[in-house]
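Peer 1: Quick one: this structure, given as structure tokens, is what I'll be asking you about.
The values are calculated or read from the model by the stated rules, or taken from the named source; none is laboratory data. If you're wondering where the values come from, they're calculated on a predicted model, not measured in any experiment. Quick reminder, even Gly has a Cβ in these numbers, built from the backbone with ideal geometry, and neighbours come from all protein chains shown.
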Amino acid sequence: MISFSNVGKQFGKRLVLVDASFQLNAGEKVGLVGPNGAGKTTIFRLLTGEELPDDGALSIPKNLTIGYFRQDSEEMHGRTVLEEAIAGSGRLGELHHEISELEHAMADPERADEMDSILERFGEAQAEYQDLGGYEIEARAREVLHGLGFEARQVDGDVGALSGGWKMRVSMAKVLLTKADVLLLDEPTNHLDIESILWLEDFLKATKAAVLMTCHDRDFMNRVVTRLLELDGGELTSYSGDYDFYEREQALRAQQKEAQYARQQAMLAKEQRFIDRFEKHAAKAAQVQSRIKKLEKIELVEPPKRREIVPFDFKQPGRSGDDVLKIHGLNKRYGDKIIYEDFDFEIRRGERWCVMGVNGAGKSTLLKIVVGAQQPDSGTVKLGASLKLGYFAQQALDLLDPNLTIWEQIEHDFPMESISTRRNLLGCFQFSGDDVEKPIRILSGGERSRLVLARMLMDPPNFLVLDEPTNHLDLITKEMLVQTLAKYEGTMLFVSHDRTFLRGLATRVLDLSGETVVGKSNAGAALPKTKSGRPLPVAFPASYAEWVRHTGHEAPGVHA
């Protein structure tokens, strides 16, 4: 379907692609992986024609349609969410809005003299629209928007009132509605909650379109892709299988290359010792020259590249009291919408609670109430003794000083720490070499998240409250963070849509939907309810992995 053949691409002195070749076949689901800045987005831009190759050949069939989801959200206003999603769905979207405009024109008495041409165009547009399945587009758009987490009231609401993250979901809906032959997806899970991620998994597995995507969600990659393309140092390497297979195969190939490199280095050292020993012996002159010429002709094996996950060895926080948090009779509502009603909850020292619940259930609201960023309508929230609280949320990124570099920020925050300790910390969060001299004002959302987390773990609190800490983090940083926090001896309360993070850290589950009691062993049991009839949140006293086994769900309301 699409093929790269010995493609080269360079920006200034930076080589992005060197003799890169690959083929994307019809219906194939492929993941694109590689270090930050390796050039993955450049491949997408080459496929869409936004960039041209410097060398080699790029073959794309003439009538092939490509849908491209990217991380920069376009301007949206003046339409409902539904209309905006349909507007971006390719030819069908164009026809949908043209027909709407023609209907208004037919009802306009001031355009009576144009009626013949309007009616003629209306008939043509309507016929094409019907042939393309246009009369199902609204139902499909609602289905896709619902799958991506929109409630009915949002779908018919003003798209301009949405936050940046929700506008990204509208952009995603536009691409999924195009019925394109190829879907290019740049980090599609970044702005989605776990329910929407699970829905998108099923959508992509079922679509007939070929998919090429970058993604920082290991479980998502494992369930969707059947092949991985690794871009590193300008070279593309293909691995047939899911992400777990790629990781095992990559380690095996690295071992083989390391052994090959070691054997060659041993051989070269042996030959060099002979040359050094006998270069001044006339009787051995011919042999020495022969070996010198042999060494000159040898193609040197490059040592394997290493990207190791190194957990940060942080100092453990001071011990808190046994009672970390007690909530009693909590009530919170927004307008007519009840979020919490007579809610009781407590956390003991050393527990790691993840908060689960459908979109709008109050996950982030709970965390904000705990840290004092919001107040309950009534009830008590009591923090325990000797607590040092650390709160991570997307708003925390604004606490960084944009006028400082990464290194200056860490130096300012921790002046008594040694240079090696600071460098070790930043290296664990993928800031190395010249990266530490980047001004904070130019950092991406992911880079800012990494820097905030790094600052938090340099002097860790004994009660961590984390709201989506893995948003924008790459796989290497996520796995480092899980391994680092696995050794953390404090208490945690967090919301996350990343199942690797949930499995690796959660020892308790707070299910705000109240569905936990309806497990495989007691299906059909009545849900305990509040006075108003709402399901009562359930505190599940075991790990996230146990919760999944108990309920048969990876998220409330979504079957595993």
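Peer 1: Suppose we keep only residues that are in contact (Cβ under 8 Å) with a residue 24 or more places away in the chain and assigned to a helix (DSSP H, G or I) within the range 102-139. Which one would you say is surrounded by the fewest Cβ atoms within 10 Å (Cβ to Cβ)? Give the derivation first.
Peer 2: To start, the set of residues in the range 102-139 that are in contact (Cβ under 8 Å) with a residue 24 or more places away in the chain comprises 125-126, 128-129, 132-134, 137-138.
If we keep only those that are assigned to a helix (DSSP H, G or I) as well, we get 125-126, 128-129, 134, 137-138.
Numbers: 125: 18, 126: 16, 128: 16, 129: 19, 134: 20, 137: 21, 138: 14.
This residue is 138.
Peer 1: Just to be sure, is residue 50 without any contact (Cβ under 8 Å) to a residue 12 or more places away in the chain and either outside the structural domain of residue 23 (by TED's automatic domain parsing) or more than 30 Å from residue 25 (Cα to Cα) (or both)?
Peer 2: Answer is no for this residue.
Peer 1: Still on this structure, I have one more. Are any residues in the range 45-81 under 21 Å from residue 97 (Cα atoms) and either in contact with a Pro (Cβ under 7 Å, 6 or more places away or on another chain) or in a loop (DSSP other than H, G, I, E, B) (or both), and if so, which ones?
Peer 2: Residues satisfying the conditions are 65, 74, 75, 76, 77, 78, 79.
For (1) modelled with pLDDT of 90 or more; (2) out of contact with any Pro (no Cβ under 8 Å at 6 or more places or on another chain), each residue gets a yes or a no:
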site: 161; (1), (2): no, yes
site: 169; (1), (2): yes, yes
site: 172; (1), (2): yes, no
site: 175; (1), (2): yes, yes
site: 196; (1), (2): yes, yes
site: 199; (1), (2): yes, yes
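Peer 1: Turning to a different aspect of this structure: Taking residue 430 as the residue in question, decide whether it is surrounded by 18 or more Cβ atoms within 10 Å (Cβ to Cβ), in a helix (DSSP H, G or I) and not assigned by TED's automatic domain parsing to the domain that holds residue 164.
Peer 2: no
Peer 1: Ok, one more. Sort through 88, 147 and tell me the only one that's touching a Phe, Trp or Tyr at 6+ places or on another chain (Cβ under 7 Å), closer than 25 Å to residue 180 by Cβ, surrounded by 18 or more Cβ atoms within 10 Å (Cβ to Cβ) and not polar (S, T, N, Q).
Peer 2: Residue meeting the stated conditions: 147.
Peer 1: Could you list all residues from the range 501-531 that are modelled with pLDDT under 75 and hydroxyl-bearing (Ser, Thr, Tyr)?
Peer 2: The answer is 516, 521, 530.
Peer 1: While we're looking at this one, here's another question. Find the residue count for the range 222-263, including only residues that are more than 17 Å from residue 476 (Cα to Cα), of a type in the set (D, E, K, R) and assigned by TED's automatic domain parsing to the domain that holds residue 200.
Peer 2: Qualifying residue count, the range 222-263: 3.
Peer 1: Within the range 28-45, how many residues are touching a residue at least 40 places away in the same chain (Cβ under 8 Å) and touching a strand residue (DSSP E or B) at 6+ places or on another chain (Cβ under 6 Å)?
Peer 2: Selection size over the range 28-45: 11.
Peer 1: Enumerate the strands (runs of 3 or more DSSP E) found wholly within the range 180-293, keeping only those where 1 or more residues are touching an Asp or Glu at 6+ places or on another chain (Cβ under 8 Å), surrounded by 13 or more Cβ atoms within 10 Å (Cβ to Cβ) and touching a residue at least 24 places away in the same chain (Cβ under 8 Å).
Peer 2: Qualifying strands (runs of 3 or more DSSP E): 210-214, 227-232, 235-240.
Peer 1: Check off (1) closer than 30 Å to residue 227 by Cβ; (2) at pLDDT below 85; (3) surrounded by 13 or more Cβ atoms within 10 Å (Cβ to Cβ) for residue 37 and give me the number that stays unchecked.
Peer 2: Checking residue 37 against (1) closer than 30 Å to residue 227 by Cβ; (2) at pLDDT below 85; (3) surrounded by 13 or more Cβ atoms within 10 Å (Cβ to Cβ), the one that fails is (3).
Peer 1: If I go through the range 475-500 residue by residue, how many of them are over 21 Å from residue 538 (Cα atoms), touching a strand residue (DSSP E or B) at 6+ places or on another chain (Cβ under 9 Å) and either at pLDDT below 90 or not in a loop (DSSP other than H, G, I, E, B) (or both)?
Peer 2: Here the count works out to 2.
Peer 1: Going by what's in this entry, would residue 446 be described as farther than 25 Å from residue 70 by Cβ, in a helix (DSSP H, G or I) and of a type in the set (Gly, Ala, Ser)?
Peer 2: no
Peer 1: If residue 31 meets every condition in (1) part of a strand (DSSP E or B); (2) touching a Lys or Arg at 6+ places or on another chain (Cβ under 8 Å); (3) modelled with pLDDT under 90 apart from one, which number is that one?
Peer 2: Answer for residue 31: the failing condition is (3).
Peer 1: Please report, ordered by residue number, the strands (runs of 3 or more DSSP E) entirely within the range 330-402 with at least 1 residues that are without any contact (Cβ under 8 Å) to a residue 24 or more places away in the chain and in the same structural domain as residue 487 (by TED's automatic domain parsing).
Peer 2: Working: elements: 337-348, 352-356, 378-383, 389-392.
The strands (runs of 3 or more DSSP E) meeting that bar are 337-348.
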